[in-house]
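**Student:** Input: one structure, supplied below.
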Amino acid sequence: MNASNTRESVLGSIRGSLRVTGDDAARVDAVRKRLKAPSPNLVPERANVRGEESIALLTEMLEGQSAHVSRAKTLDEIPKLVANYLRKNNLPAEFRTGSDGLLADIPWGKATSLTHHLGRGQGDDAVAVSRARTAAAETGTLFLTSGPENPTTLNFLPDTHIVVIQAKDILGSYEDGWNAIRKIYGKRPLPRAVNLISGPSRTADIEQIIVMGAHGPRRLHVIIAG
Amino acid sequence: MKPVSHAFKDNAKQALADEPLRRALGGIKHGFVANRAKARAKLPEFERLRDEARAVKEHTLAHLDLYLEAYEKKVTETGGHVHWAATAADARAAILQICQAAGAKTVTKGKSMVGEEIAINEHLEAAGITPVETDLGEYLIQLRHEPPSHIIAPAIHLNKGQVEADFRREHTDLPDNRVLEEPAQLVAEARAVLRKQFLAADVGITGANLLIAETGTSVIVTNEGNGDLTQCLPRIHVVITSIEKMVPTLEDANTILRVLARSATGQECSTYTTFSTGPKRDGDPDGPDEYHVVVLDNGRSEMLGGQFHDMLRCIRCGACMNHCPVYGAIGGHAYGWVYPGPMGAVLTPSLIGIDEAGNLPNASTFCGRCEAVCPMRIPLPKMMRHWREREYEKGNTPAFYKLSLKAWAYAAKNPRLYQTLTGLLIPLLARFGSKGRFRSLPLASGWTRYRDLPAPQGKTFQQLWRAKEMRS
């Protein structure tokens, strides 16, 4: 069977079993409407938070999933926070970022010990810093989008992942998060990857015992700016 | 893999005699089961979310042809390719063709049950391409040439001593005197070995937990991050998935995701949930040049609208097997193919036929816990009963069963006879059962070999009822 025949046979079999046709106006309309104007289903009450409440919930959920969270009043405080975190965890004083504008605005030079590399993730990076575009407090979930600003490889290859998010970008629900992403991308398609990250990498595949750092970062440090 | 579901009874007997397996399975109730209960208690809307998740899938299945078309259009618009596969052979051929066109030598793989279903690894190996499983559990069983024994914890049957022995046998370039006693040491070794594979692979194959029609997106959830390294490092990303993974919108995906991890591991959400749309864009410094989605039917379209329609709502969380007393006693391998536990008992006969898998729907006490915990409210016991009826109609039921059932039915339809027989038998059994239970009993050794049989308390229900009536 060639490719288009296979396609038709699968679709035909679905229609046969459902006893429907592909041009039934009511069905076509129902699908068109749902896709054109996506509407939320039930959103848990827990996600109905704003401002400082959402920051508190995000922090609580992330810490519950073994991430570290700290707060920087301004971008100026971030270099010292990062330097201290790396020193405390006995990590090398260097890190890699993409070309993200917010990360570029951080005065990294203030922490003279830090070496800043640019570009996509390499197999032996110890530390990367990325920016989350938004976050859903309901489960402590950061939304990171792929692109030159924040290469996906930086989210997964380094041993330690540091994520910077602006306080104003922290929202309540997944729905809020996706609406923020839709606003950023407008009519353009979604970026190649949207990574929802809620803690460091882990596995429980050996005797159901949780071990951090299965393949991705062993540590996740989240810095809330503002 | 070649199914051995027909040998279910022998497989189960072997499993019951396997002490390390019993110990491993014993951990489920303190892990997955207890954690699910906690997660459920923490989210007051959980039961309503189950209803909504069910409604999302029912709407999608009723319009599945149209959503698949809308999805395909979006994937194509974002630069990806959809490959339709009516059968497992179609899917294998499509994937092999993509790998061969890329001149692939090694392929990294994220965990995919559909990948197991179509036995893609064997097919690639036969063509000289090396598939490397990267989910830790899948990697452990690949080293042992075993199928998964659980749909979300494929190596749940193994203990750390077995893993250590496998690593020492396979990772021969590492020093002999290294210490591999604790899970953390074993995980660190697997991480280092697989890191090289991630960086070297030509093609990465992942599954999909969801497909989103609105955006042409495939979604995977993982805790390890292996599925992400599998898709962002190689030049080509292939998604192997099946038609019923579809949901209409991102909002609908949210609803399913809210019940998935909580039902599976009891986590609020998985560590990583990744939404992938097309290949890398202009200016992207990483990501695959090509993005292919192989969408498999393999008998699913025929289940729509029929007796087994509800099974298509399954989101592969594993809650049914975690809560199943039969799975808890024998583990996943006894089921003899890819999908074990209650969901496997219903799905496997649909996919590979009742002649091969007819025993599986009998592997149930009908206690109903699977249905009680299923986030998609799939009536698993009812569907196992449908399979039993079909098996009976086909004449596959052994003569002794038929005769016993006929004898019981005859007695049950003659109340006086039934009462006389049970009135004689029950006091007799009550007298011989020591401390309210039998350690062994003629004709019931299949039961008493593995556990005690509770002895009747001395009177039949009818006798107790009459006594109660007379008192009041």
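**Student:** On C-alpha positions alone, give me the angle between the axis of helix B:399-412 and the longest principal axis of chain B, in degrees, nearest 10.
**Tutor:** 50
**Student:** Over the Cα atoms of segment B:1-75, compute the convex hull volume and normalise it per residue, giving Å³. Present the calculation step by step, with values, prior to reporting the outcome.
**Tutor:** Values: hull volume 16.4 nm³, N = 75.
Considering the Cα atoms of segment B:1-75, their hull volume per residue is 219 Å³.
**Student:** Compute the distance from the alpha-carbon center of segment B:290-313 to that of segment B:22-81, in whole Å.
**Tutor:** 15
**Student:** Okay, helix-only estimate at 222 nm for chain A: each DSSP H run of n ≥ 4 adds -39500 (n - 2.57), divide by all residues, round to 500 deg cm²/dmol; what do you get?
**Tutor:** Working: 7 runs with 74 residues, N = 226.
Helix-only estimate at 222 nm: -10000 deg cm²/dmol.
**Student:** Still on this structure: Return a whole-number percent for the relative contact order of chain B, with Cα pairs under 8 Å and 6 or more residues apart as the contact set. Walk me through the numbers before you get to the answer.
**Tutor:** Details: 788 pairs, mean separation 97.5, N = 472.
It rounds to 21 percent for chain B.
**Student:** For the protein assembly as shown, count all C-alpha to C-alpha pairs, find those more than 36 Å apart, and express that count as a whole percent of the total. Before the final figure, lay out the partial values.
**Tutor:** Working: 105849 of 243253 pairs.
The answer is 44 percent, as a whole percent.
**Student:** Moving to a separate point now. Going down the list A:Lys36/A:Lys187; B:Lys42/B:Lys382; B:Lys13/B:Lys406, which pairs span over 21 Å between their C-alpha atoms? Intermediate values should be presented prior to the final figure.
**Tutor:** Values: A:Lys36/A:Lys187 12 Å; B:Lys42/B:Lys382 30 Å; B:Lys13/B:Lys406 27 Å.
Beyond 21 Å: B:Lys42/B:Lys382; B:Lys13/B:Lys406.
**Student:** From a point 7 Å beyond the Cα of A:Gln122 in the direction of its Cβ, which residues of segment A:78-109 have a backbone N at a distance under 17 Å?
**Tutor:** Flagged as within label range: A:92-99.
**Student:** Based on Cβ point charges of +1 for Lys and Arg and -1 for Asp and Glu, what charge dipole magnitude is obtained for segment B:149-199 about its Cα centre, in debye rounded to the nearest 20?
**Tutor:** That gives a dipole near 180 debye.
**Student:** Hey, another quick one. Rounded to two decimal places and with Rh computed the Kirkwood way over Cα pairs, what is Rg over Rh for segment B:346-445? Don't jump to the answer; show the numbers that get you there.
**Tutor:** Values: Rg = 17.8 Å, Rh = 16.6 Å.
That ratio equals 1.07.
**Student:** Continuing with the same structure: Can you tell me the 0 to 90 degree angle between the C-alpha axis of helix B:415-432 and the longest principal axis of chain B, rounded to 10?
**Tutor:** Its long axis makes an angle of about 80 degrees.
**Student:** For chain B, take the alpha-carbon Rg, divide it by the Kirkwood Rh, and send me Rg/Rh. Don't skip to the answer; put the middle values down first.
**Tutor:** Working: Rg = 25.0 Å, Rh = 24.4 Å.
Ratio of gyration radius to Kirkwood radius for chain B: 1.02.
**Student:** Hey, which aspartates and glutamates would be in cross-link range of B:Lys38, C-alpha to C-alpha under 19 Å, not counting anything within fewer than 8 residues on its own chain?
**Tutor:** Cross-link targets: A:Glu45, A:Glu60, A:Glu63, A:Glu138, B:Glu47, B:Glu268, B:Glu371.
**Student:** Isolated Cys in the protein assembly as shown by the 4.7 Å beta carbon test?
**Tutor:** B:Cys99, B:Cys232, B:Cys269, B:Cys314, B:Cys317, B:Cys324, B:Cys367, B:Cys374, each lacking another Cys Cβ under 4.7 Å.
**Student:** Using the number of other C-beta atoms within 10 angstrom as an exposure proxy, rank B:Lys42, B:Lys57, B:Lys160 with the fewest first. Don't jump to the answer; show the numbers that get you there.
**Tutor:** Values: B:Lys42 12, B:Lys57 25, B:Lys160 16.
Starting with the residue having the fewest Cβ neighbours, the order is B:Lys42, B:Lys160, B:Lys57.
**Student:** List the extent of the Cα atoms of segment A:59-144 along each of their three principal axes, largest first, rounded to whole Å.
**Tutor:** Extents along the principal axes, in whole Å: 36, 29, 26.
**Student:** Among A:Leu35, A:Leu118, A:Leu18, whose mean-square fluctuation peaks in a Gaussian network model of chain A (Cα, cutoff 10 Å)?
**Tutor:** Among A:Leu35, A:Leu118, A:Leu18, the largest mean-square fluctuation in the Gaussian network model of chain A belongs to A:Leu18.
**Student:** If you don't mind, another one. At a Cα cut-off below 24 Å, give the lysines reachable from A:Lys80, other chains included and same-chain residues fewer than 8 away excluded.
**Tutor:** By straight Cα distance, A:Lys80 reaches A:Lys88, A:Lys110, A:Lys168.
**Student:** Let me check against my output: what whole-number percent is the relative contact order of segment B:43-301, with C-alpha pairs under 8 Å and at least 6 apart? Intermediate values should be presented prior to the final figure.
**Tutor:** Numbers: 447 pairs, mean separation 74.3, N = 259.
Relative contact order here is 29 percent.
**Student:** If segment B:69-137 were replaced by its equivalent ellipsoid, with semi-axes equal to the square roots of 5 times the Cα gyration tensor eigenvalues, what would those be, largest first, whole Å?
**Tutor:** Values: eigenvalues 98, 40, 35 Å².
Equivalent ellipsoid semi-axes, largest first: 22, 14, 13 Å.
**Student:** May I ask you to sort B:Met1, B:Met321 by Cβ crowding, counting other Cβ atoms within 10 Å and putting the fewest first? Spell out each step's value before the answer.
**Tutor:** Numbers: B:Met1 15, B:Met321 29.
Ordered from fewest to most neighbouring Cβ atoms within 10 Å, B:Met1, B:Met321 come out as B:Met1, B:Met321.
**Student:** Loop only by DSSP, 14 or fewer other Cβ within 10 Å of the Cβ. Give me the trypsin sites (Lys or Arg not before Pro) in segment A:62-123 that pass, ordered by residue number.
**Tutor:** Details: sites: A:Arg71, A:Lys73, A:Lys80, A:Arg87, A:Lys88, A:Arg96, A:Lys110, A:Arg120; in loops: A:Lys73, A:Arg120.
Sparse-neighbourhood loop trypsin sites (Lys or Arg not before Pro): A:Lys73.
**Student:** What size of dipole, in debye to the nearest 20, comes out for segment B:54-191 about its Cα centre when the only charges are +1 on Lys and Arg C-beta atoms and -1 on Asp and Glu C-beta atoms?
**Tutor:** Details: 14 positive and 22 negative charges, 42 e Å.
It works out to roughly 200 debye.
**Student:** While we're on this one: Which whole number gives the average, over all residues in B:255-268, of C-beta atoms from other chains lying within 10 Å of the residue C-beta?
**Tutor:** Working: counts 6, 1, 4, 9, 0, 0, 2, 1, 0, 0, 3, 0, 6, 10.
For this peptide, the per-residue mean of nearby foreign Cβ atoms is 3.
**Student:** Okay, next question. Got a sec to turn the phi values of segment A:204-220 into Karplus ³J(HN,Hα) couplings, 6.51 cos²θ - 1.76 cosθ + 1.60 with θ = phi - 60°, whole Hz, x for Gly and Pro?
**Tutor:** Once θ is set to phi - 60°, the couplings for segment A:204-220 become 10, 6, 10, 6, 6, 9, 6, 10, 7, x, 5, 10, x, x, 7, 10, 10 Hz.
**Student:** Taking H as built 1.01 Å from N, whose amide H comes closer than 5 Å to the amide H of A:Arg131, not counting residues under 5 places away?
**Tutor:** A:Val164
**Student:** Now for a separate question. If each DSSP helix of 4+ residues adds -39,500 (n - 2.57) and the sum is divided by the residues in chain B, what number results at 222 nm, nearest 500 deg cm²/dmol?
**Tutor:** Values: 24 runs with 239 residues, N = 472.
My calculation for chain B gives -15000 deg cm²/dmol from helical runs alone.
**Student:** What is the list of residues in segment A:100-121 whose amide nitrogen lies under 11 Å from a point 7 angstrom out from the Cα of A:Ala93, following Cα to Cβ?
**Tutor:** Residues passing the 11 Å test: A:111-115.
**Student:** Translational diffusion coefficient of segment B:411-471 at 10 °C, 1.306 mPa s, Stokes-Einstein with Kirkwood Rh over Cα pairs, in µm²/s as a whole number.
**Tutor:** Numbers: Rh = 12.8 Å.
Result for D is 124 µm²/s.
**Student:** Another question, then. Quickly work out the B:Gln100-to-B:Met470 label distance, labels modelled 7 Å from Cα along the C-beta direction, and quote it in nm with one decimal.
**Tutor:** 8.3
**Student:** A further question follows. ³J(HN,Hα) across segment B:95-100 via Karplus (A = 6.51, B = -1.76, C = 1.60, θ = phi - 60°), whole Hz, x for Gly/Pro?
**Tutor:** Coupling constants for segment B:95-100: 5, 4, 4, 4, 5, 5 Hz.
**Student:** In addition: Extending each Cα 7 Å along its Cβ direction at A:Arg188 and B:Leu403, get the distance between those two points in nm, one decimal.
**Tutor:** 7.6
**Student:** Right, another one. Over all residues in B:153-163, what is the mean tally of Cβ atoms on other chains that come within 10 Å of each residue's Cβ?
**Tutor:** Details: counts 4, 1, 3, 5, 0, 3, 2, 3, 1, 1, 3.
That works out to 2 on average.
**Student:** Could you work out how far the C-alpha centroid of segment B:143-171 sits from that of segment A:103-176, in angstrom?
**Tutor:** A separation of 34 Å, based on Cα centres.
**Student:** Kindly give Rg over Rh for segment A:1-126, based on alpha-carbon atoms, with the Kirkwood expression for the hydrodynamic radius.
**Tutor:** Working: Rg = 25.8 Å, Rh = 20.7 Å.
Result: Rg/Rh = 1.25.
**Student:** Taking each residue in B:57-68, count the Cβ atoms of any other chain within 10 Å of its Cβ, then average. What number comes out? Write down the numbers at each step before the final one.
**Tutor:** Working: counts 0, 0, 3, 2, 3, 5, 9, 7, 13, 13, 3, 4.
Counting other chains' Cβ atoms within 10 Å and averaging over B:57-68 gives 5.
**Student:** Same structure again: Taking the alpha-carbon centroid of each part, what is the distance from segment B:345-398 to segment A:16-52 in angstrom?
**Tutor:** 32
**Student:** A follow-up question, please. Pick out which of A:Ala83, A:Ala132, A:Ala30 has the largest mean-square fluctuation in a Gaussian network model of chain A, springs linking Cα atoms closer than 10 Å.
**Tutor:** A:Ala30
**Student:** A further question on this structure: Can you tell me the mean projection area, over all orientations, of the convex hull of chain A's alpha carbons? Units nm², please.
**Tutor:** Values: hull surface 69.7 nm².
The orientation-averaged projected area of the Cα hull of chain A comes to 17.4 nm².
**Student:** Return a single number: how many Lys pairs in segment B:47-170, at a sequence separation of 8 or more or on separate chains, have alpha-carbon atoms below 28 angstrom apart.
**Tutor:** Lysine pairs, 8 or more places apart or on different chains, close enough: 10.
**Student:** Let me have the relative contact order for segment B:360-472, percent, based on Cα pairs under 8 Å that are six or more residues apart.
**Tutor:** Details: 70 pairs, mean separation 19.3, N = 113.
Dividing the mean separation by the residue count of segment B:360-472 yields 17 percent.
**Student:** Using θ = phi - 60° and the Karplus curve 6.51 cos²θ - 1.76 cosθ + 1.60, what whole-Hz ³J(HN,Hα) does each residue of segment B:460-472 get, with Gly and Pro shown as x?
**Tutor:** 7, 4, 4, 5, 4, 5, 4, 4, 5, 4, 5, 5, 8
**Student:** If each residue's Cβ is checked for other Cβ atoms within 10 Å, how do B:Leu186, B:Leu429 rank with the fewest at the top? Write down the numbers at each step before the final one.
**Tutor:** Details: B:Leu186 22, B:Leu429 17.
Lowest count first: B:Leu429, B:Leu186.
Values quoted throughout were computed directly from the atomic coordinates according to the rules given, and no laboratory measurement underlies them. What you are looking at is a predicted structure, and each value in this text was computed from that prediction instead of being measured. Note that we place each Cβ from the backbone using ideal geometry, even for glycine, and neighbour counts take in every protein chain shown.
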